[in-house]
Amino acid sequence: MKLALRELRRRPGRFGAAGLILTLIALLLMFLGGLLDGLIRSSTGAMYALDGDVVVYTASAEDSFLRSRIEPTLRSTVDGVDGVASSAGIGVVQLGARLADKGPRDLLDVVVFGPEAPPLGVDALPGDGEAIADTTLQEQGVQVGTELSVGPARSTLTVVGFVEDTQYLGQAALWTNPETWRTVLTDNRPDQQLGDGVFQALTVRVDDGAVAADVADAIDIATGRSTASLTVVAAAEGLPGVEQQTATFNQIIGVTVGIAVVVVALFFALLTVERASLYGVLKAVGARSGTLFGGLVLQAVVLSAVACVIAGSAAIALDAVIPPGSIPLRISGTRIGQSAVFLLVAAVIGCAFSLRRLLRVDPASAIGSGS
Amino acid sequence: MNVNGASVPALSLQRVRKVYAMGDSEVVALDDVDLEVAPGEIVALVGPSGSGKTTLCSIAGAILSPTSGRVVVAGTDISGFNPKQLTAVRRDLVGFVFQSVNLVPFLTARENLLVVDEIGKRTGAPARARADQLLGELGLADRAKNLPAQLSGGQRQRVAIGRALMNDPKLVLFDEPTSALDSKLGMAVMELIQQEMKARGTAAIVVTHDERITRFCDRSVHMDDGRITKS
Ligand SMILES: Nc1ncnc2c1ncn2[C@@H]1O[C@H](COP(=O)(O)OP(=O)(O)O)[C@@H](O)[C@H]1O
Ligand SMILES: [Mg+2]
């Protein structure tokens with residue numbers, strides 16, 4: 001093993017090309033993962049910010065706020081289900097918003113949320129005609145005190161504060177109280193108008209110790225399947241496009257890991273060919289193939305680990321220099337760690353392709369030359 | 001493993017035959033060879049090129065398997081051994097000095113000796129002490145930290161001898177150890193081989209074309225065309 005490590009240390013040039021490629025692959029893995037996390041976050045952040053464990057839609061709504069209607073009678077049925085600690089109504093409307101000093105065509109896409117319970121990160125719901133805005137709106141010049149004209153009816157909402165990470169399908173959330181939401185909805189989407197006490201959905205907090213998924217099932221049974229209840233995670237993952245985005249990115253990440261396997265396989269296969277005479281000599285003086293293969297794997301793992309450390313640092317640096325909001329990149333320790341594990345596994349698998357060639361090296365090759 | 005008493009020969013070859021398949025034809029490299037090497041005995045193996053000297057050493061050194069016949073190294077019959085068992089024999093019982101000096105290029109002289117311990121018994125400190133002692137005896141104490149590329153041909157040959165002695169073998173096989181050296185250096189290396197073997201009581205076979213080398217050996221065995229012609 002010392003032999004393998006000494007070779008890495010004393011002949012770094014020999015491993016330079018492979019190390020560089022592995023570093024770039026590691027960076028690509030971390031970048032792709034970060035982009036996926038960022039995209040998912042910009043689609044689902046508002047869902048995860050909801051103050052509850054379960055989201056209740058009506059069954060016909062196809063897990064979307066838009067077509068969902070929860071009447072007060074249905075809500076009281078939900079409230080009576082075992083495991084439900086409390087429920088809060090919520091309504092949503094997607095609209096365009098204008099800033100006073102921008103042109104009339106310069107629309108910001110916003111989602112007005114009117115929950116009965118403030119989202120995570122917000123202490124109390126704002127007053128009538130006021131909104132707490134997602135921080136991504138700050139890049140559009142929105143500040144505390146900015147008045148936004150929302151929708152075709154130009155309903156005015158005054159921004160009174162900000163909250164992070166509450167985008168919904170790529171659009172920034174404006175958190176209002178339920179009355180303000182109801183007014184905005186009535187003014188701008190008269191066809192979707194809802195009566196007093198009617199919400200689009202409910203967020204439910206479950207009792208301590210209760211399992212959210214079980215409570216969701218119990219609610220649907222209690223309402224005779226007129227509701228479709230999901231855990232917050234399931235509701236977020238069920239938003240349009242989220243599953244497809246995740247699947248697509250995971251495929252790209254998979255292909256990238258595959259490329260890493262190929263790179264390691266090719267590089268170490270080449271190295272094994274180059275080292276045939278060295279391996280012959282070592283076998284002739286009593287080295288087992290297993291010991292030599294262990295050294296090879298160790299080299300691949302160390303090389304990949306170094307690549308991951310460099311790439312991880314580069315990813316963190318990249319995250320720091322990329323202006324927030326320009327691309328939805330979200331570099332996390334979990335992603336960096338996961339990418340590192342993928343690369344290390346790829347390295348070990350890649351080495352396996354050299355095993356047969358290494359086993360075939362004949363100790364007799366050590367005596368062959370020069371006779 | 002058998003008892004390794006003083007009376008057990010270091011090597012015993014009985015009717016050893018080695019046939020190489022070369023496409024359709026066959027080459028008989030060893031033709032029913034019988035040879036016994038006593039413990040501590042140094043045997044010179046002399047013969048023209050192609051007479052089977054390297055093949056004999058390789059079989060005695062557990063690097064090749066014979067086509068037929070019996071090979072007993074220090075009391076252990078290795079004739080039917082599988083590759084894994086042969087590896088263990090190379091690791092524990094024999095030492096080999098190859099015709100072309102095959103040192104690990106990125107390891108220092110000392111590390112080239114220690115590699116034997118690293119891939120073998122992993123004794124650590126005793127192995128380091130042994131490597132230092134061998135380097136001292138071989139006149140390489142001040143070269144211990146040099147890479148092979150920084151050593152002369154004679155020095156490299158001495159490192160290879162040190163490596164062959166690291167595992168305290170019962171039998172060392174030297175395949176033309178002086179062929180790459182000029183004759184004065186060659187004689188010096190032979191003298192060193194003789195000293196090292198006699199000091200340890202280790203048996204050796206020294207392959208050579210050079211009749212002058214035989215005076216460092218206890219006896220000479222002549223080979224021609226795969227047979228031992230004169231002992
Ligand atoms: N790997 C091999 N394959 C085929 N023939 C071989 C091989 N090694 C040696 N020989 C043949 O066996 C004979 C003995 O070779 P060798 O033992 O190398 O002789 P020496 O060391 O005395 O020169 C020669 O005819 C040689 O050509
Ligand atoms: Mg030869």
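Throughout, read-outs are computed from the coordinates displayed, never taken from laboratory work. Because the structure is predicted, anything quoted here is derived from the model rather than measured. Here the Cβ is made from the backbone with ideal geometry for all residues, glycine too, and neighbour counts use every protein chain on show.
Some points to look at:
- Two-decimal ratio, chain B, of alpha-carbon radius of gyration to 2.2 N^0.38 Å: 0.98
- Efficiency of FRET between residue A:82 and residue A:305 - r from beta-carbon atoms, R0 56 angstrom, step 0.05: 0.65
- In units of the compact-protein estimate 2.2 N^0.38 Å, chain A shows a Cα radius of gyration of 1.38.
- Signed unit charges on C-beta, dipole axis of chain A, positive-most listed residue A:323, A:129, A:49: A:323
- The protein assembly as shown: antiparallel DSSP beta bridges as a percent of all, rounded to 5: 65
- Dipole check for chain B: with +1 at the C-beta of Lys and Arg, -1 at the C-beta of Asp and Glu, and the Cα centre as origin, the magnitude is about 580 Debye.
- Rounded to the nearest 20, the size of the Cβ-charge dipole of the range A:14-89 about its Cα centre is 460 debye, with Lys and Arg at +1 and Asp and Glu at -1.
- Were the residues from residue B:222 through residue B:146 laid out at 0.36 nm apart, the gain over their Cα-Cα distance would be 23.5 nm.
- A Förster radius of 45 Å, combined with the Cβ-Cβ distance separating residue A:247 from residue B:82, puts the computed FRET efficiency at roughly 0.35.
- Positive-pole candidate from B:222, B:67, B:88, dipole of chain B, charges at beta carbon: B:88
- For the pair residue B:195 and residue B:36 in one chain, pulling the backbone fully straight at 0.36 nm per residue adds 55.1 nm over the alpha carbon distance.
- 5 angstrom amide H check on residue B:101, placed H, neighbours 5+ away: none
- Placing unit charges on the Cβ atoms only, positive for Lys and Arg and negative for Asp and Glu, gives the range A:47-237 a dipole magnitude near 700 debye about its Cα centre.
- Per-residue HN-Hα couplings for the range B:54-65 [Karplus 6.51, -1.76, 1.60; θ = phi - 60°; Hz; x = Gly/Pro]: 5, 4, 4, 4, 5, 6, 5, x, 6, 8, 10, 9
- Label-point separation in nm, residue B:132 to residue A:109, each point 7 Å along Cα→Cβ: 7.4
- The GluC sites (Glu not before Pro) of the range A:48-134 meeting both criteria, a DSSP state outside H, G, I, E and B (loop) and at most 16 other C-beta atoms within 10 angstrom of the site's C-beta, are A:62.
- Convex hull projection area averaged over all views, the range A:163-232, Cα basis, nm²: 6.8
- Hz values of 3J(HN,Hα) by residue in the range A:25-38 - Karplus curve (6.51, -1.76, 1.60), Gly and Pro given as x: 5, 4, 5, 4, 4, 5, 5, 4, x, x, 5, 4, 4, x
- Nearest-0.05 FRET efficiency for residue A:255 and residue A:66, computed from C-beta distance (R0 45 Å): 0.80
- Exposure here means at most 15 other Cβ atoms within 10 Å; with trypsin sites (Lys or Arg not before Pro) in a DSSP loop as sites, the longest stretch of chain A lacking them is A:226-371.
- The distance between label points at residue A:334 and residue A:124 comes to 3.3 nm (points 7 Å beyond Cα on the Cα→Cβ vector).
- With kT/(6 pi eta Rh) evaluated at 37 °C and eta = 0.692 mPa s, and Rh the Kirkwood radius from Cα pairs, the range A:47-237 diffuses with a coefficient of 195 µm²/s according to Stokes-Einstein.
- Label-point separation, residue B:24 to residue A:169 (7 Å along Cα→Cβ), nm: 7.9
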